């Protein structure tokens, strides 16, 4: 079944290029109505501020079955917070300069259409930095080592990659990750989005 996608991008070249690329995907088609997913920029007319973020939130509120991929050149904590403060389900935030190929966009669209989430590691870093700076941040509960592990997670590394970077065993990394999940109040269920949720947990108590 084709994936119905709506594009919202104020840059003509980017809009037409994305449309042409999506049209070549095996299971993706660009349509105007009843989309499974929306691909949007952040800064859109008329004010070129946060129209894309506000549109994404309204779409998710009014049409919860429609996923939204925000594709932007800005990795700003305020934008990410506004987009993800109430949860990451059905949402993705990708950076234009870091999207290397069509497959990444198609994968993100498929993921949000299925209710999942995708975040660029640089966006995750911005969220971590913003919460670490905030008074009363849940990060205060973490040990120095747990914060190091979380910082590595924010870079998109898996457990093996974190273990190599910190010169620890994978078993030790698993223990640290489970500990920080527990301190941040995350459930113990297996979930491919738990790393994203670890960051979103910081946002729950945001002023």
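The values are calculated or read from the model by the stated rules, or taken from the named source; none is laboratory data. Please read these numbers as outputs of a predicted model, since none were measured by experiment. All Cβ positions, even for glycine, are placed from backbone atoms using ideal geometry, and neighbour counts span all protein chains on display.
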Across region 83-111, what is the total count of residues that are under 12 Å from the mean Cα position of the chain (by Cα) and either more than 12 Å from residue 40 (Cα to Cα) or not assigned by TED's automatic domain parsing to the domain that holds residue 42 (or both)?
9
Going through region 57-82 one residue at a time, which ones are farther than 18 Å from residue 42 by Cβ and at pLDDT below 80?
none
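Considering only helices (runs of 4 or more DSSP H) fully contained in region 106-174, which possess at least 3 residues that are at pLDDT 80 or above, under 26 Å from residue 79 (Cα atoms) and out of contact with any strand residue (DSSP E or B) (no Cβ under 8 Å at 6 or more places or on another chain)? Steps first, answer last, please.
Numbers: elements: 121-133, 144-154, 159-166.
Once the helices (runs of 4 or more DSSP H) in region 106-174 are filtered for at least 3 residues that are at pLDDT 80 or above, under 26 Å from residue 79 (Cα atoms) and out of contact with any strand residue (DSSP E or B) (no Cβ under 8 Å at 6 or more places or on another chain), what remains is 144-154.
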Test residue 69 against the stated conditions and say whether it is within 14 Å of the chain's Cα centre (by Cα) and either outside the structural domain of residue 162 (by TED's automatic domain parsing) or exposed (fewer than 15 other Cβ atoms within 10 Å of the Cβ) (or both).
yes
